[in-house]
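Undergrad: Dropping the structure in here first, questions after.
The values are calculated or read from the model by the stated rules, or taken from the named source; none is laboratory data. Just so you know, these numbers come straight off a predicted model, no measurement behind them. We place every Cβ from the backbone using ideal geometry, glycine too, and count neighbours over all the protein chains shown.
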Amino acid sequence: MSDYLKDKVVLISGSSMGIGKAIATDLASKGAKVVLNGRDLDKLERTEAELKEKGYEVTAFAADIRYLEECSYLIEKAVDYYGQLDILVNNAAVSSRGSVAKMAETNFDILIRTNFIGSAYLSKYAIPYLRKTKGHLIFINSAGGFRGMPYNSAYSASKMAQAALADALRIELCDDNIHVGTAFVGFTENDPKKAILDVDGTWIYLPRRTNIRLAKPESVAKSIRSMIIKRKNIVTLTALGRFTSFATRYLPRFSGWLLQGNREKIRKQFTMIGGKKVVNDKRFKIAAERNRSVVNA
């Protein structure tokens, strides 16, 4: 199976940095033809150039998956460019922090649209092409997708919805021999330019976490590659993720008691971690505006 990925066409949403970039690099190194995606056109082009310098077969299309027409555009561009689609990796995601009572209403909309609705749109438009290749539909989820997490409610809700979507699709598509895989990823080293939504709705750079063991993006990427090749339905990464999964499923009362007992520590972790404000956040809009003008032309 060492050459399984050779010439497979892979579209990875949110792949200009972080876990998405690591997955793109790993799969491309095994011979896959990778379609990169992101909202920040400059960063996307830099990642594309970096991977091409390594001799990998890649292309890139900017799109904001919160919007239906851009999801359709992205799938069509990928298929037009390479002629087929073998693997869709729903990786793009954003996070936020703060209590429900204090959180800006727009945070809920952005997270649900990006983390859940965007992956649903992309999957919908990818399915006809994945049927032809008996391909793979992959969801990069989170330990936050197992249960609602205090002070991270919008993120947890969006990821739990995505996990339910994957579960439903796994049954719907089994007769088409489309592999649907969900990877529950724990805390992972973040890119220095990773931005999240603060409680007031502004973007801030996520500070590096120093009080918890972090997985390497490259390690996560290898696990995703293994899941694809072995057509695994579910993988849970990191000890924290496995503990959360076990406790939520088999010890729900204990899980709730544990969170309640540590609520102040959790509150500080999610709301008092600092974070430099993103001075100019138009980069989050520029790709979407450009692509909508193309789609509607």
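Undergrad: Name the single residue that is surrounded by the fewest Cβ atoms within 10 Å (Cβ to Cβ) among those in region 49-86 being part of a helix (DSSP H, G or I) and of a type in the set (A, V, I, L, M, F, W, C).
TA: Top of the filtered list is ALA49.
Undergrad: Going through LEU51, LEU27 one at a time, which residue ends up being touching a residue at least 60 places away in the same chain (Cβ under 8 Å) and of a type outside the set (Gly, Ala, Ser)?
TA: Selected residue: LEU27, the only one of LEU51, LEU27 that is touching a residue at least 60 places away in the same chain (Cβ under 8 Å) and of a type outside the set (Gly, Ala, Ser).
Undergrad: Scan region 35-48 residue by residue and report those that are among the charged types (D, E, K, R), surrounded by 15 or more Cβ atoms within 10 Å (Cβ to Cβ) and without any contact (Cβ under 8 Å) to a residue 60 or more places away in the chain.
TA: Those that are among the charged types (D, E, K, R), surrounded by 15 or more Cβ atoms within 10 Å (Cβ to Cβ) and without any contact (Cβ under 8 Å) to a residue 60 or more places away in the chain: GLU45, GLU48.
Undergrad: Just checking, which of VAL100, VAL89, VAL94 is under 30 Å from LYS6 (Cβ atoms), in contact (Cβ under 8 Å) with a residue 24 or more places away in the chain and out of contact with any Lys or Arg (no Cβ under 9 Å at 6 or more places or on another chain)?
TA: Only one candidate qualifies: VAL89.
Undergrad: Checking ILE65 against (1) within 18 Å of the chain's Cα centre (by Cα); (2) farther than 23 Å from ALA120 by Cβ, which test does it fail?
TA: With (1) within 18 Å of the chain's Cα centre (by Cα); (2) farther than 23 Å from ALA120 by Cβ applied to ILE65, the lone miss is (2).
So that you can scan it fast, the table gives a plain yes or no per residue for (1) under 22 Å from ALA22 (Cα atoms); (2) of a type in the set (A, V, I, L, M, F, W, C); (3) out of contact with any His (no Cβ under 6 Å at 6 or more places or on another chain); (4) in a loop (DSSP other than H, G, I, E, B):
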residue: LEU88; (1), (2), (3), (4): yes, yes, yes, no
residue: ALA92; (1), (2), (3), (4): yes, yes, yes, yes
residue: SER99; (1), (2), (3), (4): no, no, yes, yes
residue: ASP109; (1), (2), (3), (4): no, no, yes, no
residue: ARG113; (1), (2), (3), (4): no, no, yes, no
residue: TYR121; (1), (2), (3), (4): no, no, yes, no
residue: TYR125; (1), (2), (3), (4): no, no, yes, no
residue: ARG131; (1), (2), (3), (4): no, no, yes, no
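Undergrad: Go through region 4-24 and give me each residue that's assigned to a loop (DSSP other than H, G, I, E, B) and either within 14 Å of ALA78 (Cβ to Cβ) or free of Cβ contacts under 8 Å to residues at least 12 places away in the same chain (or both).
TA: Answer for region 4-24, where residues must be assigned to a loop (DSSP other than H, G, I, E, B) and either within 14 Å of ALA78 (Cβ to Cβ) or free of Cβ contacts under 8 Å to residues at least 12 places away in the same chain (or both): LYS8, SER13, SER15.
Undergrad: Identify the residue in region 170-193 that is of a type in the set (A, V, I, L, M, F, W, C) and crowded, with 20+ Cβ neighbours inside 10 Å and, among all such residues, is farthest from ASN90 (Cα to Cα).
TA: ILE178
Undergrad: Also: Scan region 81-130 for residues that are closer than 22 Å to ASP176 by Cβ and among the hydroxyl-bearing types (Ser, Thr, Tyr) and jot them down.
TA: Correct list: TYR82, SER119, TYR121, SER123, TYR125, TYR129.
Undergrad: Regarding THR210, is this residue at pLDDT below 95, among the polar types (S, T, N, Q) and surrounded by 15 or more Cβ atoms within 10 Å (Cβ to Cβ)?
TA: So THR210 does not fit the description; no.
Undergrad: Next up: Mind listing whichever residues of region 147-174 are of a type outside the set (Gly, Ala, Ser) and modelled with pLDDT under 80?
TA: Listed by number, the residues that qualify are ARG147, MET149, PRO150, TYR151.
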